[in-house]
1. Kindly indicate which of PHE333, PHE368 is within 19 Å of ARG305 (Cβ to Cβ), open to solvent by 20 Å² or more (accessible area, probe 1.4 Å), touching a helix residue (DSSP H, G or I) at 6+ places or on another chain (Cβ under 6 Å) and of a type outside the set (Val, Ile, Thr).
2. Please go through (1) touching a residue at least 40 places away in the same chain (Cβ under 8 Å); (2) touching a Ser or Thr at 6+ places or on another chain (Cβ under 7 Å); (3) not acidic (Asp, Glu) for ALA224 and return the number of the only condition it doesn't satisfy.
3. Enumerate the pairs (first residue in segment 284-309 and at positive phi; second residue anywhere and open to solvent by 20 Å² or more (accessible area, probe 1.4 Å) and away from ligand 1 (no atom under 14 Å from the Cβ)) with beta-carbon separation below 9 Å, excluding pairs fewer than 6 apart on the same chain, so at least 6 apart or on different chains.
4. When you go through (1) touching a helix residue (DSSP H, G or I) at 6+ places or on another chain (Cβ under 8 Å); (2) in contact (Cβ under 8 Å) with a residue 40 or more places away in the chain one by one for ILE79, which number turns out not to apply?
5. Please find, among TYR310, TYR297, the residue that is under 18 Å from ALA264 (Cβ atoms), among the hydroxyl-bearing types (Ser, Thr, Tyr), part of a loop (DSSP other than H, G, I, E, B) and modelled with pLDDT of 95 or more.
6. Hey, any hits in segment 94-115 for a residue that's open to solvent by 20 Å² or more (accessible area, probe 1.4 Å), part of a loop (DSSP other than H, G, I, E, B) and touching a Leu at 6+ places or on another chain (Cβ under 6 Å)?
7. Do you know which residues across segment 237-248 are farther than 12 Å from PHE218 by Cα, within 15 Å of ligand 1 (Cβ to nearest atom) and either aliphatic (A, V, I, L, M) or assigned to a helix (DSSP H, G or I) (or both)?
8. I'd like the residue in segment 1-48 that is of a type outside the set (A, V, I, L, M) and part of a strand (DSSP E or B) and, out of all such residues, is modelled with the highest pLDDT.
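The values are calculated or read from the model by the stated rules, or taken from the named source; none is laboratory data. Bear in mind the structure is a predicted one, so any value in this text is a computation, not a measurement. Every residue, glycine as well, gets a Cβ built from its backbone with ideal geometry; the counts of neighbours run over all protein chains shown. The area values use the complete protein model at the heavy-atom level, side chains included, leaving out ligands, DNA and RNA. Shrake-Rupley method; radii C 1.70, N 1.55, O 1.52, S 1.80 Å.
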Amino acid sequence: MADTTLMTIPGQVDPVPVARDITPREDGRVDLMGVSRTRIREIFEEAGLDGRQAKLRSKQVYHWLYHRGVTDFDAMTDIAKTMRPWLSERFVIGRPNVVEAQHSSDGTRKWLLQTDDGHDFEMVFIPDADRGTLCVSSQVGCTLNCTFCHTGTMRLVRNLTPGEIVGQVMLARDALGEWPKGVMDGLDDAEDAGHYTSDGRLLTNIVMMGMGEPLYNFDHVRDALNLVMDGDGLALSKRRITLSTSGVIPAMERCGEEIGVNLAVSLHAVTKEVRDEIVPLNKKYGLEDLLQACADYPGASNARRITFEYVMLKDKNDSDEDAHELVRLLKQFDLPAKVNLIPFNPWPGAGYECSTPERIKSFSDIVFEGGISAPVRTPRGRDIDAACGQLKTTAEKKSRAQRGREAAAAQTASQ
Ligand code: SAH
Ligand code: SF4
């Protein structure tokens, strides 16, 4: 059921009204997904456990949640059988609802997901020879309206909660069958004595490059990523996580200090005129201030470079002069930088075309000659609209009624 009560979150210039941020469960139970270990302990105490019990149980539950991927209290074999109903009467361990899962011919997988209050969002898994990257959403839609991005045209926007953000990672590991089956202290369940090693993991990297502007949902993204990085839980290194921002300068320093992940910046243009047009946030946070904030980003170094994303739009931002200016700017601010050239992914009604391969090559060569790495990103999952900037496509293409009709038709067909 869609929650239509409004709240405000920042927009391109001023805050804009968006759907409310809270999704209380109708049955009154509390979803533990996305809740920190300390908070789980407090919640257990508030529900009536004494301090010692709350400490022990929260440690066990946290381990089952984030290290083992368990969603059912009955599977928590080191918790007394009599204790488990106490937990399941009061709490749940949630996952985003899966509306549709698609598989591209190139191995990319995309999930159309839904929050409990009926908002659609998406996540994408991109397997490569040496890594597997999960592209995670931070908001339903986006308030920023970059002109080349389909997500920016979504009507409905709401911040995802920490549980809905970390829930994407959990769901991906469920789907990839990646939960360890290691032995826990005091556990004598033979089925549990598996052979998990961290080598050969499928999901190795996370990029906050799905729907939404992560720095306009800073607190939730920070809380979710801190869970992803926690050594007692999912234990993914901050070096394997990249957060992409369109340039929310005031939150960038906090991002470095409080999360400490790699930074990617959607630059896309080198002049005020063009960036104002294609990334309208530039009117609020200008190019030079943005580059200065990048130079000041805590933790950036030659070993941990900042990625500058640059979408290649025909006759808009793709000239040789643009490439030279990009090199000049990155050098002027002495930035430990790499450039990621993204061929524009078209969507119905987009007012742009992708630059020609020759143009992209020439642009890339100039940046390389300037001493800055500038690979061209290969579009992935184009056949299932999973590529950058296409993420609204299925989320809104199918109305709920249409999905209902499809489900009914599928059921009839299978009878
Ligand atoms: N909102 C954040 C992160 C999500 S978008 C940001 O803008 O940085 C991830 C990347 O895809 C961004 O660089 C974005 O500008 C780019 N992108 C958006 N639409 C695109 C499209 N149609 N083709 C190619 N890249 C696109
Ligand atoms: Fe939002 Fe990023 Fe799309 Fe711009 S490119 S509209 S900031 S999701």
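1. After ruling out the rest, the residue left standing is PHE333.
2. With (1) touching a residue at least 40 places away in the same chain (Cβ under 8 Å); (2) touching a Ser or Thr at 6+ places or on another chain (Cβ under 7 Å); (3) not acidic (Asp, Glu) applied to ALA224, the lone miss is (2).
3. Final answer for the pair search is GLY299/LYS238; GLY299/GLU257.
4. So the condition that ILE79 fails would be (2).
5. TYR297
6. Yes, because at least one residue in segment 94-115 is open to solvent by 20 Å² or more (accessible area, probe 1.4 Å), part of a loop (DSSP other than H, G, I, E, B) and touching a Leu at 6+ places or on another chain (Cβ under 6 Å).
7. ILE241
8. ASP31
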